[in-house]
1. Let me spell it out: the conditions are (1) open to solvent by 70 Å² or more (accessible area, probe 1.4 Å); (2) within 10 Å of another protein chain (Cβ to nearest Cβ), and A:Glu18 meets all of them except one. Which number is the exception?
2. Looking at A:Arg39, A:Arg62, A:Arg49 in this structure, which one is without any contact (Cβ under 8 Å) to a residue 12 or more places away in the chain, in the same structural domain as A:Asp14 (by TED's automatic domain parsing) and touching a Gly at 6+ places or on another chain (Cβ under 9 Å)?
3. Collect the residues in the stretch B:25-81 that are part of a helix (DSSP H, G or I) and among the basic types (Lys, Arg), keeping them in residue-number order.
4. Among the residues of the stretch A:26-35, which ones are open to solvent by less than 80 Å² (accessible area, probe 1.4 Å), in contact with a helix residue (DSSP H, G or I) (Cβ under 7 Å, 6 or more places away or on another chain) and within 14 Å of DNA strand C (Cβ to nearest atom)?
5. Here are A:Leu87, A:Leu106, A:Leu56: which of them is under 16 Å from B:Leu113 (Cβ atoms), modelled with pLDDT of 85 or more and facing chain B (nearest Cβ under 10 Å)?
6. Is there a residue in the stretch A:43-65 that is more than 20 Å from the chain's Cα centre (by Cα) and surrounded by fewer than 16 Cβ atoms within 10 Å (Cβ to Cβ)?
7. Looking at (1) part of a helix (DSSP H, G or I); (2) surrounded by fewer than 17 Cβ atoms within 10 Å (Cβ to Cβ); (3) modelled with pLDDT under 85, which is the only condition B:Val92 fails?
8. Looking at the stretch A:109-123 only, could you name the residues that are within 8 Å of chain B (Cβ to nearest Cβ) and open to solvent by 70 Å² or more (accessible area, probe 1.4 Å)?
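The values are calculated or read from the model by the stated rules, or taken from the named source; none is laboratory data. Please read all numbers here as calculations on a predicted model, not as lab measurements. Cβ atoms come from the backbone with ideal geometry, glycine included; neighbour counts cover every protein chain shown. The protein model used for the area step is the full one, side chains on, heavy atoms only, and it has no ligands, DNA or RNA in it. Shrake-Rupley method; radii C 1.70, N 1.55, O 1.52, S 1.80 Å.
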Number of protein chains: 2
Amino acid sequence: MTPQDNRDLFAIADLAREFGISTRAIRFYEAKGLLAPERVGATRVFRRRDRARLILILRGKRLGFSLRDISDYLSLYDANRTQQVSLLIGKVDERLASLETQLEDLQTTISELKEIKKLADDRLDKAG
Amino acid sequence: MTPQDNRDLFAIADLAREFGISTRAIRFYEAKGLLAPERVGATRVFRRRDRARLILILRGKRLGFSLRDISDYLSLYDANRTQQVSLLIGKVDERLASLETQLEDLQTTISELKEIKKLADDRLDKAG
DNA sequence: CAGCCGTTTGACGCTAACGTCAAGCCGTGG
DNA sequence: CCACGGCTTGACGTTAGCGTCAAACGGCTG
């Protein structure tokens, strides 16, 4: 069992294993300011909050965003506790717009692929 | 007026301008086999078909795919006229699965952002 | 005490997707 | 004729996002 038996503390390798990424990647995200685990001596110790951020990071990556974009995105969560609320709203609107474009692109692509598949399936049937 | 007055032939700069990309990028896509314009002498001449492929390429990029992925994707369209139909079906299924995952990611993200925005808006109201 | 793991910080390497010259060819207008 | 804009290939530069050592430290375990 790792650091503690309760699930509040994680070693870097725990998270790497859990999410199928490298420890190098995690350190890289920290270097880019996307994560800020605590330290015990020099060793990184991750809490649930860090783990939650990592999940957001990975989802952002699956969506094709750069780490820089993801960094901004994460700051939206943090910023909600700060003063710059109206600035935040602008950022969120921008991002929503681009995501909705992406959503349309995606839906178009998916239906095109389904169409292609249908054509292909038909040809298979004819061939027997 | 460029090459011809009817809209079947395009110069590289025409397409670059139309889609807001560089001519360098277009040449790069050709080098990677994503485009195969005709030549008149050494000069590239693009037809509607090439332009259609370029549109697909750019949509693929907006969706965060690599040129390599996009190349495979384009081959799905071409392959539909070939023999390897069942192999094609497998490819399409794979891609559909990953796109649908991406769609879910996207919907989750969008609703989270809307939630953040609502919180932020509320705070603005209170502040007056 | 000696290994051995897991961890750390550099530092260099690598691929993708172009940007950015450079040097040269071609056709047209003044 | 010659400048000029647009086209070509070639080569090198650049950024992002890690991979891959290397060298060193700290803590458990036999």
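1. Tallying (1) open to solvent by 70 Å² or more (accessible area, probe 1.4 Å); (2) within 10 Å of another protein chain (Cβ to nearest Cβ), A:Glu18 fails exactly one: (2).
2. Working: A:Arg39 fails: touching a Gly at 6+ places or on another chain (Cβ under 9 Å); A:Arg49 fails: touching a Gly at 6+ places or on another chain (Cβ under 9 Å).
None of the other options fit; the residue is A:Arg62.
3. So the first thing to find is which residues in the stretch B:25-81 are part of a helix (DSSP H, G or I), and the list is B:25-31, B:48-62, B:67-79.
Of everything in the stretch B:25-81, those that are part of a helix (DSSP H, G or I) and among the basic types (Lys, Arg) turn out to be B:Arg27, B:Arg48, B:Arg49, B:Arg51, B:Arg53, B:Arg59, B:Lys61, B:Arg62, B:Arg68.
4. Hits for the stretch A:26-35 are A:Ile26, A:Tyr29, A:Gly33, A:Leu35.
5. From the options A:Leu87, A:Leu106, A:Leu56, the qualifying one is A:Leu56.
6. Yes: one or more hits.
7. In the conditions (1) part of a helix (DSSP H, G or I); (2) surrounded by fewer than 17 Cβ atoms within 10 Å (Cβ to Cβ); (3) modelled with pLDDT under 85, B:Val92 misses (2) alone.
8. The answer is A:Lys114, A:Leu119, A:Arg123.
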